[in-house]
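Trainee: Starting off with a structure, shown below.
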Amino acid sequence: IGEGAAAAVHVNMRGTHLGDYQGHAGTGKTFSADEVDMMQFRDGKIAGYRIIWDEIAFRTQLGLD
């Protein structure tokens, strides 16, 4: 979605937890979590970028909580 000098993108991240994440060794479990990336543009370049993602779903699927 884009309007003026801003755009937003919905992403579904999927993967397998193989490496260290915040002090937690890889579990080998798979995960799927949604995120929204929001960008602001100025002079044709990205001037601001923010990611909001469902870390609770991610951590729950990996058994980290």
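The values are calculated or read from the model by the stated rules, or taken from the named source; none is laboratory data. Treat the numbers as computed from the prediction; the structure is a model and nothing was measured. In this analysis, Cβ positions are derived from the backbone assuming ideal geometry, glycine residues included, and neighbour counts consider all displayed protein chains. Protein only, heavy atoms only, side chains kept; ligands, DNA and RNA dropped before computing areas. Shrake-Rupley method; radii C 1.70, N 1.55, O 1.52, S 1.80 Å.
Trainee: Looking only at the range 37-65, count how many residues are more than 30 Å from residue 4 (Cα to Cα), under 17 Å from the mean Cα position of the chain (by Cα) and open to solvent by 50 Å² or more (accessible area, probe 1.4 Å).
Mentor: Counting residues in the range 37-65 that are more than 30 Å from residue 4 (Cα to Cα), under 17 Å from the mean Cα position of the chain (by Cα) and open to solvent by 50 Å² or more (accessible area, probe 1.4 Å) gives 3.
Trainee: Same structure, new question: Does residue 14 satisfy being among the basic types (Lys, Arg) and touching a Ser or Thr at 6+ places or on another chain (Cβ under 7 Å)?
Mentor: Criteria met by residue 14.
Trainee: Say we look at the range 8-36 and pick out the residues that are closer than 14 Å to residue 52 by Cβ and of a type in the set (D, E, K, R); which of these is most open to solvent (accessible area, probe 1.4 Å)?
Mentor: 34
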